[in-house]
Amino acid sequence: MSSLKDKTAKGFLWGAMNNGAMQILNMIFGVVLGRLLSKEDYGLIGMMVIFTSIAAALQDSGFVTALTNRKNATHRDYNSVFWFNVGVSMAIYCLFFLGAPLLARFYDEPLLTPLFRYYSLCFLAASFSIVPRAMLFKQLRQKELAIISTVALLVSGITGVSMALAGMAYWGLATQSLVYTLTVSAVSWIISGWRPSLDITMKPVREMFGFSSRMLLTNIFQQVNNNIFSVVLGKLYSKGEVGIYNQANKWNTMGASVITGMVQGVAQPAFVEIGDDKERLCRAFSKMLRFTCIVSFPVTFGLALVAPEFIVILITDKWLPSAYLMQTLCIGGAFLPISALYYNMVIAQGRSGIYMWNIICQGIVMLTAILAIHFVGGDITDMVRAYVAVIILWTAIWHWFVWREIGFRARQAVKDILPFLLIAGITMMITYRITLGIGNLYLLLAARIATAAVIYTALLWIFRAEEMRECIAFLRKKKA
């Protein structure tokens with residue numbers, strides 16, 4: 001138990017450092033590219049994202065999660081999944097290559113034919129890294145995963161910026177993604193030390209297919225849910241408006257994914273290792289939920305607070321409309337890591353069917369809501385608000401299933417979540433009032449970040465937040 005607790009704590013720490021470093025690098029490259037490229041360039045990439053994301057889900061086929069849940073997975077299991085993924089990826093790429101003109105016709109954008117064929121190479125390259133990364137994930141080796149992600153982001157970011165400076169516009173964005181996946185694959189093979197063999201059998205794939213097929217369908221709908229706006233807006237609005245939404249969503253995702261990535265990196269393996277002890281699972285889940293909330297609410301609410309000056313300073317006022325969409329998206333972004341923790345518990349219990357139907361229903365409700373708002377005359381802002389409302393609502397639905405699986409009560413969930421939500425909300429309101437009279441954008445941004453950090457930390461200390469004290473004690477222990 002002590003070993004698992006230590007591995008989980010280290011996983012959280014490395015997950016936080018990895019995702020924090022990733023988002024800082026993303027921000028730096030995003031700032032440069034946002035200044036160099038147009039809304040239309042981002043709009044073109046945004047129109048394709050959902051299709052390559054779905055392809056990535058098909059490529060994975062749910063086997064990464066199945067391998068993590070599988071007790072004592074062997075080389076034979078990993079080898080079987082590797083060759084299956086490579087074969088599926090090649091088949092899908094052929095379909096995408098042939099179907100690219102249909103996508104261009106759907107959006108009435110001829111440029112998408114060659115661009116989509118090129119951009120689709122990303123998931124083909126990624127198929128070679130799935131198994132090595134799955135092994136590292138199962139072993140809670142977040143430090144190694146952090147190294148892989150950081151190296152890939154540096155190499156791909158430099159490539160994307162260089163091509164943008166050379167005037168290659170959206171081709172630079174597409175190449176950046178391709179170089180990222182190629183680098184991840186190469187470094188994963190080096191660090192993991194795993195190699196496939198030609199002794200191929202599909203028996204392990206067949207054994208895991210029941211679980212993995214439900215995960216596959218779920219992952220497809222998850223990608224649809226995440227990218228539904230890009231499709232709807234791409235069909236109903238201009239490339240520029242799609243670009244504004246994608247820019248807003250990109251910065252919101254950077255904030256939320258720091259915490260979501262931290263949770264995803266440790267939750268499922270830790271819950272699987274605990275096993276069927278429901279009392280211990282409840283204690284572990286409650287502690288992880290509090291640690292998630294203590295970070296999620298201040299990061300995302302704080303990003304919403306500084307969104308206008310943040311956007312104008314970093315990527316100029318041509319993107320200012322995206323700041324107001326970003327503020328709304330950040331409210332929903334606060335609940336994404338919490339939902340991730342909940343559904344990882346469901347997955348760890350082997351209930352892939354529950355996970356699948358929940359994601360499918362969530363996607364249907366999201367699509368219905370945003371289309372209904374469009375047809376009654378609502379604008380993009382109204383559609384984003386409906387999208388965020390569904391995200392928050394689904395947190396409660398996830399809780400019901402976790403309660404049914406392990407007996408984690410709603411009263412305990414409210415006790416774990418509400419204090420940090422209120423403290424973060426109060427912090428941002430006080431900070432807004434204190435800094436309201438500052439006219440200089442640079443000074444305003446710095447003042448809001450510093451003021452919010454001081455007030456939030458002070459309130460946690462006043463209310464004796466156990467999680468903050470544990471974090472300080474853990475860091476002191478590691479330093480010693």
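Does Ala307 satisfy being farther than 23 Å from Lys138 by Cα, in contact (Cβ under 8 Å) with a residue 12 or more places away in the chain and crowded, with 20+ Cβ neighbours inside 10 Å?
Numbers: farther than 23 Å from Lys138 by Cα: yes; in contact (Cβ under 8 Å) with a residue 12 or more places away in the chain: yes; crowded, with 20+ Cβ neighbours inside 10 Å: yes.
In short, yes.
The numbered conditions (1) closer than 23 Å to Ala304 by Cβ; (2) surrounded by fewer than 16 Cβ atoms within 10 Å (Cβ to Cβ); (3) without any contact (Cβ under 8 Å) to a residue 60 or more places away in the chain are all true for Tyr432 except (3). Of all the residues in the range 260-298, those that are closer than 15 Å to Gly407 by Cβ, among the hydrophobic types (A, V, I, L, M, F, W, C) and either at pLDDT below 85 or open to solvent by 10 Å² or more (accessible area, probe 1.4 Å) (or both) number 4. Once the range 336-394 is narrowed to residues that are charged (D, E, K, R) and out of contact with any Phe, Trp or Tyr (no Cβ under 9 Å at 6 or more places or on another chain), the residue that is most open to solvent (accessible area, probe 1.4 Å) is Arg385.
Considering each of Leu314, Leu336 in turn, give the residue that is touching a helix residue (DSSP H, G or I) at 6+ places or on another chain (Cβ under 6 Å) and at pLDDT 85 or above.
Working: Leu314 fails: at pLDDT 85 or above.
Just one listed residue meets the conditions, Leu336.
Of Phe51, Phe97, all but one fail to be over 30 Å from Ile274 (Cβ atoms), open to solvent by 60 Å² or more (accessible area, probe 1.4 Å) and at pLDDT below 80; the exception is Phe51.
Any chance the range 283-294 includes a residue that's in a helix (DSSP H, G or I), within 23 Å of Gln412 (Cβ to Cβ) and under 15 Å from the mean Cα position of the chain (by Cα)?
Applying the first criterion (in a helix (DSSP H, G or I)) to the range 283-294 yields 283-294.
Cutting the leftovers down to within 23 Å of Gln412 (Cβ to Cβ) gives us 283-294.
When the remaining residues are screened for being under 15 Å from the mean Cα position of the chain (by Cα), the result is 292.
Scanning the range 283-294, I find at least one residue that is in a helix (DSSP H, G or I), within 23 Å of Gln412 (Cβ to Cβ) and under 15 Å from the mean Cα position of the chain (by Cα), so the answer is yes.
Going by the structure shown, is Ile392 closer than 17 Å to Thr292 by Cβ, modelled with pLDDT under 95, in contact with a Gly (Cβ under 7 Å, 6 or more places away or on another chain) and not hydroxyl-bearing (Ser, Thr, Tyr)? Before the answer, list the steps.
Numbers: closer than 17 Å to Thr292 by Cβ: yes; modelled with pLDDT under 95: yes; in contact with a Gly (Cβ under 7 Å, 6 or more places away or on another chain): yes; not hydroxyl-bearing (Ser, Thr, Tyr): yes.
For Ile392, the condition - closer than 17 Å to Thr292 by Cβ, modelled with pLDDT under 95, in contact with a Gly (Cβ under 7 Å, 6 or more places away or on another chain) and not hydroxyl-bearing (Ser, Thr, Tyr) - is met.
Among the residues of the range 102-109, is any crowded, with 21+ Cβ neighbours inside 10 Å and of a type in the set (A, V, I, L, M, F, W, C)? Scanning the range 102-109 turns up no residue that is crowded, with 21+ Cβ neighbours inside 10 Å and of a type in the set (A, V, I, L, M, F, W, C). Against the conditions (1) assigned to a loop (DSSP other than H, G, I, E, B); (2) open to solvent by less than 60 Å² (accessible area, probe 1.4 Å); (3) out of contact with any Cys (no Cβ under 9 Å at 6 or more places or on another chain), Gly437 satisfies every one except (2). Screening Gly332 on (1) of a type in the set (Gly, Ala, Ser); (2) without any contact (Cβ under 8 Å) to a residue 60 or more places away in the chain; (3) surrounded by 19 or more Cβ atoms within 10 Å (Cβ to Cβ) shows it passes everything except condition (2). I need the full set of residues from the range 71-121 which are closer than 16 Å to Lys203 by Cβ, within 28 Å of the chain's Cα centre (by Cα) and not polar (S, T, N, Q), in order please. Within the range 71-121, Ala73, Asp77, Tyr78, Val81, Phe82, Trp83, Phe84, Gly87 meet the criteria.
The values are calculated or read from the model by the stated rules, or taken from the named source; none is laboratory data. Here the structure is a predicted model, which is why all the values come from computation and not from measurement. With ideal geometry, Cβ positions are generated from the backbone for all residues, glycine too; neighbour counts draw on all protein chains shown. All accessible areas refer to the heavy atoms of the entire protein, side chains included, with ligands and DNA or RNA removed. Shrake-Rupley method; radii C 1.70, N 1.55, O 1.52, S 1.80 Å.
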